[in-house]
1. Can you name the number of the only condition in (1) more than 14 Å from chain B (Cβ to nearest Cβ); (2) modelled with pLDDT under 95 that A:Trp98 fails?
2. Search the range B:155-201 for residues being in a helix (DSSP H, G or I), of a type in the set (Val, Ile, Thr) and in contact (Cβ under 8 Å) with a residue 60 or more places away in the chain, and hand back the single one that is farthest from B:Leu268 (Cα to Cα).
3. Can you report the number of residues in the range B:83-102 which are assigned to a helix (DSSP H, G or I), modelled with pLDDT under 90 and more than 7 Å from every other protein chain (Cβ to nearest Cβ)?
4. Please determine whether any residue of the range A:141-151 is over 15 Å from A:Arg107 (Cα atoms), touching a helix residue (DSSP H, G or I) at 6+ places or on another chain (Cβ under 8 Å), charged (D, E, K, R) and not in a loop (DSSP other than H, G, I, E, B).
5. Exactly one of (1) in contact (Cβ under 8 Å) with a residue 40 or more places away in the chain; (2) within 18 Å of B:Tyr102 (Cα to Cα) is unmet by A:Tyr100. Its number?
6. Against the definition (touching a residue at least 40 places away in the same chain (Cβ under 8 Å) and within 14 Å of chain A (Cβ to nearest Cβ)), how does B:Val129 come out, yes or no?
7. Only one of these is free of Cβ contacts under 8 Å to residues at least 24 places away in the same chain, facing another protein chain (nearest Cβ under 9 Å) and not small (Gly, Ala, Ser): A:Arg114, A:Arg129. Name it.
8. Within the bounds of the range A:27-39, is there any residue that is at the interface with chain B (Cβ under 10 Å from one of its Cβ atoms) and among the aliphatic types (A, V, I, L, M)?
Amino acid sequence: MSVLPTAMIGTEFTVATHDLSKHYKYVPALRKVALQVPTGAVYLLVGPNGAGKSTTIKILLDLLRPTSGSVEVLGMDPHRHPALVRANVGYVPEQLNWGYGWMRVGRLLEHHARYFPSWDWEYAKHLSRAFQLRPDQRMSTLSKGQGRRVHIALALAHRPPVLILDEPTDGLDPVMRDDMLGVLIDHLAQTPTTVLLCTHHVTEFEQIADHIGVLRNNELCAQMPLHQLKQGLRRYRAEVPTGWGGKAMFGAAVLRRTTAPNEVDWTVWGEQDDVAHQFASSGAFVRDSATISLHDATLALLNPRETVTT
Amino acid sequence: MTAISLHAAPSWRVIAVEQTRAVGLRMRGAGVLLLVIQVGLAAAMLDAAARARAIYERHPGRGAMSMTNITFSPQVAVIFSFLALLVPLLVWEGEDPTRRLYHWSMPVGQPSHAVTKALGGWLWLMLAVTVSVAGMAVVPLFVERITGQPQTYAPHFTWWEWIVPFVSATIAYVFASAAALGTRQPLVWIFGSMLIYGGGLALFGKSDIPVLVDVSRAMVTGIAGTYGVAAAVAGTIDQVDAAGRVAAPSLVRWTGASALWGAVGAALFYLTARRREG
């Protein structure tokens, strides 16, 4: 049982799953996941490979059926209204090998536009310029990064109320990553959008993200606003007496621990005063406590571990 | 929840038109190639007719001009069936079940989207068959004009046999579409099944084991029986009955065989169109 928050209350959710489970034969891909993406949020869904991020996305788009549980996107069940849900979602898949390699970029934009009545051609042209897309290039001749840019343009140009981006910066060079982020920031400023973003590179999206969910071992082990994570997850360095037995007092709230003979360096979840009080009551003296970067916080959530030094 | 103005899903008509255009674009090269072959063949026939006439006119006393009749026979439908087996490979090229994410993620229900795309390919196939059949109907008229010799059609030829190539190509197209939708190697499945069937037929036919002989007979019935594949694909013309007589074509038999195999193909197509990435 996670001590970290996994549910948000008092908020409207544009994307939500309830006890969502998916098994591939006997292998679990998701276990009772209750994802909650608030309306207008930029939600980072992080997790190691195989944690179930892409599976969750595919279920949200009715590309996969869940084994149990239910899903809501914009208040609709994707299984009952697949076309309407997908008409309102801009989707950038992780995998780009989806055929249509024979089509030229310009024709693909035209093709895509016909599927989305809300397609904004002026905006599509703007995106094509921003991403340096060449309409005469065949899709099969594009590099991974170029293909990714085409996908992002396809996802944004119909100005959907929901964006689902699965590793959107994968394959992009640093300059193009920066450009893409700029385009995304402009897009969010112009178009009210709820974004669900799966990525391994959380720091790239730190400036636009406001919520985070962490999938570990196919379960949602944490879900909260980003500011809550930054406040609640801190690194504490404390002096401890020899033979200190305070470890048990903290339980699962300690995500990472480095323990030396008379010193501990722990990443702990909880109210700063409460944690400091717990240390003090166990006979330890907190020398300093500090917030940690989103990158370190994510690492701590994804990979809790204990290191003992002598 | 806060009211968000939802975007509408596209209309089926718009998607049908777009898929027909997109598939047409994909098949353009093959279509041009087919047209070139047809025009070439027609030109060769007309040239042969003109040469025959020229030779006849130079040597008028050497007997009647002899030219093979250029005829239309429903059995040419077999050629269209084979061509139709290849069309879905173009329609679904690069989109095997593991690479069809783009197609599935569009704002259209998955089965109806598959049907729409397949329908686009079918329309182009029918256009190709129409052009080919029209060529077969028109070229003999020109040959007749050049040579002055009447060109005849196949014996027992009836009006409905003009439809046979269209139905035959459609049945083959539906089967091949199911293979293209449901498997990663449709070509292997299509021609592999044919080879296995043919091999099994040859092997079991030579066997002395009664069960295998029965299986062999059943397999023959599947091909050449009353409602076998052959009756659906090539019409029923020139079928030899038990007494060794050429049987007259039967509309009822052809319709029955076409309905049977069409239904089997459609069921397979439906099952594969429903299949989703797992």
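The values are calculated or read from the model by the stated rules, or taken from the named source; none is laboratory data. Everything numeric in this text was worked out from a predicted model, so none of it was measured. Cβ placement follows ideal geometry from the backbone for every residue including glycine, while neighbour counts extend to all protein chains displayed.
1. (1)
2. B:Val164
3. Here the count works out to 2.
4. yes
5. Result: A:Tyr100 passes all but (1).
6. no
7. A:Arg114
8. no
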